[in-house]
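J.: Quick one: the structure is below, and I'll ask about it shortly.
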Amino acid sequence: MTYNKTHQTVSHIILMLVTLAMIVPLLLLFISSVTDEKILVANGYSFFPEKLSFGAYEYISANSSTIFKAYGITIVATAIGTVVGLLITGMMGFALSIKGLPGKSVISFFVFFTMLFNGGLVPSYIMWTSLGIVNSIWAYVIPFLLTNAFSIILIRSYFASNIPNELYDSAKIDGAGYFRIFMVIGLPLGKPILVTIGLFACLNYWNDWQNGLYFISDPDMLSIQALLNKMNQNMQAVITYTSTSSSAAASLPHVSIRMGIAFVAILPILVMYPFLQKYFASGIMGGAVKG
């Protein structure tokens, strides 16, 4: 009894420390975004700044059209990529979970092979640009993130471990094909793992800045992360990608602007996560069992 209570107390302390390790950086990010620029440059980041300033958010408000346009591109790319990628990944994971699938071991090998080896950046860049995705929304959707071998393996393991094949056989007797079985049986029963993988994909798309760096040169097609990356690389981008004049840019709170945009960029994820976290434990644990 004493051991269990001690173990529980230690577990709670560890979880509290982990929680603080996640919350503290977000809190510092927000405080830095409302810290006066001169204080921030002189004293560095602090949880208790000497002077507050909302200049960063005034700048974001003044250039809301640019920020909202980047937000819109990010939302559209994230929605399309997550839905299409999850559909492809889910169907492939479902197919590989079926016993007796012809060529199952060969297909599984090729899926696993892509986790270990890939063509590299240059061949991938040449292949994707040859498809004409440059400076289009598809530059954020198609490359690199559309499917994921690790996600396919998790979904396959979840279906194989939690849904008996006899259920599929019963549906086939009633005349259902495998696509209908996937839509009617697989999707409802696989909701925990599919929501979990879907959130992982959503995070990947939302936080992706590399595709914007490689394939986007049009300022009107920058996502929120690509825009932030441009500003982090060079504050001259503030003038280039917004309506700020050169004289006005000299007085801008450069550091706090970066912090403000970064904080604004993660808000949707912070809002969305609490509604989906209940699926995490059952989804990951179910998908981690060998199928």
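J.: How big is segment 1-96 in terms of Cα radius of gyration and Dmax, in angstroms?
T.: Using the Cα atoms of segment 1-96, the pair Rg, Dmax is 22.2, 61 Å.
J.: What percent of all Cα-Cα pairs in segment 105-237 falls in each 10 Å bin, counting up from 0?
T.: Whole-percent P(r) values from 0 Å outward: 10, 29, 29, 20, 10, 2, 0.
J.: A follow-up question, please. Loop only per DSSP, at most 13 neighbouring Cβ atoms within 10 Å: give me the trypsin sites (Lys or Arg not before Pro) in segment 74-156, ordered by residue number. Present the calculation step by step, with values, prior to reporting the outcome.
T.: Details: sites: LYS99, LYS104, ARG156; in loops: LYS99.
Sparse-neighbourhood loop trypsin sites (Lys or Arg not before Pro): LYS99.
J.: Going highest first, how would you order 5-13, 163-171 by mean Cβ packing within 10 Å? Spell out each step's value before the answer.
T.: Details: 5-13: 9.9, 163-171: 13.8.
Peptide ranking by packing, descending: 163-171, 5-13.
J.: Taking amide hydrogens as modeled 1.01 Å from N in the peptide plane, which residues meet the under 5 Å criterion relative to THR35, leaving out close sequence neighbours?
T.: The answer is SER53.
J.: Over segment 54-179, one equal point on each Cα, no solvent: what is log10 I(q)/I(0) by the Debye formula at q = 0.10, 0.15, 0.17 Å⁻¹?
T.: -0.51, -0.87, -0.99
Readers should treat all values here as calculations from the given coordinates under stated rules, not as data from a laboratory. Remember, predicted model here, so these are calculated numbers, not experimental data. Here the Cβ is made from the backbone with ideal geometry for all residues, glycine too, and neighbour counts use every protein chain on show.
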